[in-house]
Amino acid sequence: MKRSLEFNDVSRETRERLEVYERLLRKWNPKINLVSMNTLDDLWSRHFRDSAQLLTYSSDFKAWVDLGSGGGFPGMVVAILGAGQDRSFTLVESDQRKAAFLSTVAREAYVKVNIIATRSESVPPLKANVVSARALAPLPRLLSMVERHLYEDGVALLPKGRGVDQEIHEALEKFRFDVQKFPSETDPNGVILKIKGLSRV
């Protein structure tokens with residue numbers, strides 16, 4: 001099966017957690033639109049593997065924060081796959097229904113994760129080594145949110161699609177940062193931005 005090819009190096013417990021996540025996502029999705037219906041048939045690649053690839057770019061961290069987590073991508077997947085000693089994962093999602101879904105996944109899949117059900121701008125700085133966000137906002141506005149919660153030597157991992165170069169250009173009018181672009185493993189038009197040294201101009 002496709003899922004075994006994509007997650008063949010994870011433990012049985014991890015795979016079972018992902019399967020619980022999949023079951024709950026399919027159950028809740030018709031009610032609160034967690035992901036586009038036409039992506040459900042390719043869920044393991046389009047959402048799980050797409051999220052999992054972020055771990056490739058930051059294996060050494062203590063605290064990971066995912067902003068605007070929605071259905072849990074990438075935050076919940078990263079929390080399931082990246083759990084380890086002295087690591088914390090925090091998902092920030094202001095939509096109360098989606099936050100309730102994330103809490104249900106955490107409980108039923110036995111995932112250790114903090115869920116904050118409010119806007120990221122209202123949350124005290126979380127001082128994360130890694131901040132992620134998928135499809136939350138254009139880069140200039142997104143970096144304002146990221147900066148609030150990123151530790152001084154931390155990195156932001158931000159999946160982006162078409163128009164990313166223009167977003168970077170506009171963001172550099174307000175912020176200083178070093179950026180690397182990596183091709184997405186799941187989207188031929190997508191990239192992963194790895195941003196370091198973030199500060200305001």
Per the Debye formula with a single identical scatterer at each Cα and no solvent contribution, what log10 I(q)/I(0) holds for region 12-200 at q = 0.08, 0.10 Å⁻¹? -0.23, -0.36
The correct ranking of GLU152, GLU173, GLU167 by accessible area at 1.4 Å, largest first, is GLU152, GLU173, GLU167
Rounded to the nearest 10, the angle in degrees between the Cα long axis of helix 96-108 and the longest principal axis of the Cα atoms of the chain comes to 50 degrees
Amide H to amide H, which residues 5 or more places from ALA63 or on other chains are under 5 Å from it, using H placed in the peptide plane? SER88, ASN129, VAL130
Among SER199, LEU91, VAL78, pick out the residue whose Cα is farthest towards the positive end of the charge dipole of the chain, where Lys and Arg carry +1 and Asp and Glu carry -1 on C-beta, about the Cα centre. LEU91
For region 12-200, what is the accessible area per residue in Å² when the probe is 1.4 Å? 49 Å²
With a 1.4 Å probe and all protein chains in place, put SER88, SER120 in order of accessible area, largest first. SER88, SER120
Apply the Karplus curve 6.51 cos²θ - 1.76 cosθ + 1.60, θ = phi - 60°, to the phi angles in region 153-169 and return the couplings in whole Hz, x for Gly and Pro. 10, x, 10, 9, 10, 10, x, 9, x, 4, x, 5, 5, 5, 4, 4, 4
Considering amide H positions built from the backbone, and no H for Pro or chain starts, which residues 5 or more places from GLY71, or on another chain, come under 5 Å of its amide H? none
Tell me the accessible surface of VAL179 in square angstrom (1.4 angstrom probe, heavy atoms of protein chains only), to the nearest ten. 60 Å²
Taking Cα centroids, how far is region 132-201 from region 6-42 in Å? 26 Å
Can you give the Rg/Rh ratio of region 51-97, where Rg is from the C-alpha atoms and Rh is the Kirkwood radius? 0.97
Amide hydrogen neighbours beyond the local backbone of ASN114, cut-off 5 Å, H modeled: PHE89, THR90, LEU91
Could you work out which residue, out of LYS174, LYS160, LYS98, moves most in a Gaussian network model of the chain, that is, has the largest mean-square fluctuation with Cα springs under 10 Å? LYS174
Could you grab the relative contact order for region 12-200? Cα pairs under 8 Å, six or more apart, rounded to a whole percent. 19 percent
When the Karplus curve 6.51 cos²θ - 1.76 cosθ + 1.60 is applied with θ = phi - 60°, which whole-Hz ³J(HN,Hα) does each residue of region 60-76 get, with x for Gly and Pro? 10, 8, 9, 9, 10, 10, 10, 9, x, 5, x, x, x, 10, x, x, 5
Label-point gap, in nm, between SER36 and GLN180 - each point 7 angstrom along Cα→Cβ: 2.9 nm
Solvent-accessible area, 1.4 Å probe, carbon plus sulfur percent, for region 12-200: 45 percent
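The values are calculated or read from the model by the stated rules, or taken from the named source; none is laboratory data. Since this is a predicted model, take the numbers as computed values, not measurements. Cβ sites come from the backbone with ideal geometry, for glycine too, and all protein chains shown count toward neighbours. Surface accessibility is based on the protein's heavy atoms, side chains included, excluding ligands, DNA and RNA. Shrake-Rupley method; radii C 1.70, N 1.55, O 1.52, S 1.80 Å.
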